[in-house]
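To keep things clear, I will list the structure first and then write my remarks on it.
The values are calculated or read from the model by the stated rules, or taken from the named source; none is laboratory data. Treat the numbers as computed from the prediction; the structure is a model and nothing was measured. As a convention, Cβ positions derive from the backbone with ideal geometry for all residues, glycine included, and neighbour counts pool all protein chains shown.
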Amino acid sequence: MKTKHQDLGLTEEQVLDMYTTMLEARMIDERMWLLNRSGKIPFVISCQGQEAAQVGASAALDTDSDYALPYYRDMGVVLHFGMTSKELMLSAFAKAEDPNSGGRQMPGHFGHRVKRIVTGSSPVTTQVPHAVGFALASSMRKENSVAFTTFGEGSSNQGDFHEGINFASVHDLPVIFLCENNKYAISVPLDKQLNVEHVSERAKAYGIHGETIDGNDPLAVYDAVRKARERAVNGEGPSLIETISYRLTPHSSDDDDSTYRSREEVEEAKKIDAVHTFGSYLREEGILTEEKEEEIRSRIRDEIDEATDYAENAAYAEVSTLMQHVYEEE
Ligand SMILES: Cc1ncc(C[n+]2csc(CCOP(=O)(O)OP(=O)(O)O)c2C)c(N)n1
Ligand SMILES: [Mg+2]
């Protein structure tokens, strides 16, 4: 890690918590692939490779006052905001108790009213103008909260991105735009998506702060988002932060990425996988020992086992509730 936690005022406990959430996201995701390949759950869309950016960013937010408007890969964000492995498994198994959508939406459509996670639509980038709306409400109510939204680099080519950022900039709204650049939009590589080096360069066109951060360094991401939050609550308007990482899995469980990228390229990216490099940093700092690591992993494994069993055996929604949340009800 180039950034040191002491320089940011983070305690050992805080960085260990960050690591634990990253690991939890990774381990839930891995379990979901096994469940998918054994025919138990229909669909997986992964966070793998982006956990550091997601957890580093969310750790800089106030989960009691801020709103998260995440996109489908953000397991690290929603875990930090308090969603549990059980809730995520209920969603993966599409069961009635799933707090995201009662088992109606595909996994990855995160939403939890109590935990301040705002549900999104399937068309990519629609969460961006939604977040701007939340920031406008916060500003009109004179609350001290920010809206935090995330999206992929491919999504930064959608109209919603440009319209949302422009409006937020003109009105100095407290919103943080985090672009999780993982170098692909399904099969389309970065150089076929944009003709600028960094998505963050687009910030200049809207008169807001923009910067690009190493998405494998959770502490650097934490620092950037913490400063963005400070600017936002001080009335200095929105920021566009781009994190650079790599999508370690195929786009989804229905994609075969060997048709468009080499195995060597994927193996190369695994060498700088932040779940491992951040673990090494914590070991070097004397914060994580082998024993502690095993204790954390075994606790997470037990929790995921329990969550899997619970969700697998939970009830599906009653057929009679099919129209709920679709049409207005009396
Ligand atoms: C408006 C819209 N167009 C196309 C799609 C299909 N689609 C789903 S994910 C995706 C790729 C998005 O890439 P990026 O924004 O880089 O996010 P990533 O999946 O790489 O994290 C596409 C094209 C969609 N959901 N919505
Ligand atoms: Mg992408």
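Annotations for the structure displayed:
- Test: residue in the range 234-250 that is under 22 Å from MET32 (Cα atoms) and in contact with a Leu (Cβ under 9 Å, 6 or more places away or on another chain): no
- Checked against the criteria, THR212 does not count as closer than 24 Å to ILE117 by Cβ and of a type in the set (Ser, Thr, Tyr).
- Test: residue in the range 235-242 that is modelled with pLDDT of 95 or more, surrounded by fewer than 19 Cβ atoms within 10 Å (Cβ to Cβ) and either in a helix (DSSP H, G or I) or within 16 Å of ligand 1 (Cβ to nearest atom) (or both): no
- Residue ID - surrounded by the most Cβ atoms within 10 Å (Cβ to Cβ), chosen from residues in the range 256-304 that are under 16 Å from ASN182 (Cα atoms) and under 21 Å from the mean Cα position of the chain (by Cα): ALA274
- Single match in GLY103, GLY39, GLY76 (criterion: among the small types (Gly, Ala, Ser) and modelled with pLDDT under 95): GLY103
- For THR125, the criteria (1) more than 16 Å from GLY237 (Cβ to Cβ); (2) of a type in the set (S, T, N, Q); (3) in contact (Cβ under 8 Å) with a residue 40 or more places away in the chain hold in every case but one, which is (3).
- Residues (in contact with a Ser or Thr (Cβ under 9 Å, 6 or more places away or on another chain) and closer than 17 Å to GLY215 by Cβ) located in the range 19-46: THR21, ASP29, SER46
- Flag for ALA228 being small (Gly, Ala, Ser), surrounded by 21 or more Cβ atoms within 10 Å (Cβ to Cβ) and assigned to a helix (DSSP H, G or I): yes
Listed here are the residues, each with its yes/no results for (1) within 30 Å of VAL128 (Cα to Cα); (2) of a type in the set (S, T, N, Q); (3) touching a Pro at 6+ places or on another chain (Cβ under 9 Å).
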position: PRO218; (1), (2), (3): yes, no, no
position: ALA224; (1), (2), (3): yes, no, no
position: GLU242; (1), (2), (3): yes, no, no
position: SER245; (1), (2), (3): yes, yes, no
position: THR259; (1), (2), (3): no, yes, no
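- Residue in the range 144-151 that is away from ligand 2 (no atom under 16 Å from the Cβ) and either of a type in the set (D, E, K, R) or free of Cβ contacts under 8 Å to residues at least 40 places away in the same chain (or both) present: no
- The single residue among VAL132, VAL124, VAL128 that is part of a loop (DSSP other than H, G, I, E, B) and of a type in the set (Val, Ile, Thr) turns out to be VAL124.
- Counted residues, the range 152-194 - those being polar (S, T, N, Q) and more than 16 Å from ligand 2 (Cβ to nearest atom): 2
- Selected residue (criterion: nearest to VAL266 (Cα to Cα)) from residues of the range 165-199 that are more than 14 Å from ligand 1 (Cβ to nearest atom) and surrounded by 20 or more Cβ atoms within 10 Å (Cβ to Cβ): ILE176
- Positions within the range 147-174 being among the β-branched types (Val, Ile, Thr) and within 16 Å of the chain's Cα centre (by Cα), in sequence order: THR149, THR150
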